[in-house]
Amino acid sequence: MYFDLSVTIDRPPEDVFGFLAYKDRYPQKPGSPVRVLEKLTPGVPGVDTRYREVIRMFPLVSREILSRVTRYEPPRFLEEDFVGPGPMRGHLAYEFSASHGGTLLVQRETLEVVGPWGLFASVVERMLDRQLRDRLEGLKSVLESGWVIDTEV
């Protein structure tokens, strides 16, 4: 599966990059499918920083996703590889560029579902497409509301 999405956010690229680079610092809203989001690697984010997320996939079903930053070039590029739940793995790439006083954020994501789970790929693709679009709009809303990025370690 391949997703190529974008959103324009009324904040400078440095702010949008910082928000995603320090994604573990943003408190999740009640009802969020993200149950846990923690940085496993000490220090400031960079290449090889690792994260652990626990995501609600379906009612009463949560799964773990482990990710590792593979490209870290502030404020232009941020990429990571991820694995889980089950036999899923993928790559997430963000590109940040100045646009009309704000930031054009482009998200490209590749997801591979292997083994018997491949039978459900079309269902997963439809669900994930909507979730990814909603997540980008949520990011836009949070950042444009004046969220201050805490980058202190």
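The values are calculated or read from the model by the stated rules, or taken from the named source; none is laboratory data. Quick caveat: nothing in here was measured; it's all calculated off a predicted structure. No Cβ is skipped: glycine too gets one built from the backbone with ideal geometry, and neighbour counts run over all protein chains shown.
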Among the residues in region 29-51, are any on the phi > 0 side of the Ramachandran plot and acidic (Asp, Glu)? yes
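This table checks each residue for (1) assigned to a loop (DSSP other than H, G, I, E, B); (2) modelled with pLDDT of 75 or more; (3) touching a helix residue (DSSP H, G or I) at 6+ places or on another chain (Cβ under 6 Å); (4) not hydrophobic (A, V, I, L, M, F, W, C).
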| position | (1), (2), (3), (4) |
| --- | --- |
| 105 | no, yes, yes, no |
| 108 | no, yes, no, yes |
| 111 | no, yes, no, no |
| 119 | no, no, no, no |
| 124 | no, no, no, no |
| 128 | no, yes, no, no |
| 134 | no, yes, no, yes |
| 149 | yes, no, yes, no |
Yes or no: residue 6 in contact (Cβ under 8 Å) with a residue 24 or more places away in the chain, in contact with a strand residue (DSSP E or B) (Cβ under 6 Å, 6 or more places away or on another chain), surrounded by fewer than 16 Cβ atoms within 10 Å (Cβ to Cβ) and of a type in the set (S, T, N, Q)? yes
Of the residues in region 75-104, those that are in contact (Cβ under 8 Å) with a residue 24 or more places away in the chain, of a type in the set (A, V, I, L, M, F, W, C) and more than 17 Å from residue 9 (Cβ to Cβ) come to 88, 92
If I filter region 56-74 for residues that are touching a residue at least 60 places away in the same chain (Cβ under 8 Å), farther than 21 Å from residue 13 by Cβ and surrounded by fewer than 16 Cβ atoms within 10 Å (Cβ to Cβ), do I get at least one hit? no
Working only within region 41-55, note down all residues that are touching a residue at least 24 places away in the same chain (Cβ under 8 Å) and surrounded by 10 or more Cβ atoms within 10 Å (Cβ to Cβ). 44, 45, 46, 47, 51, 55
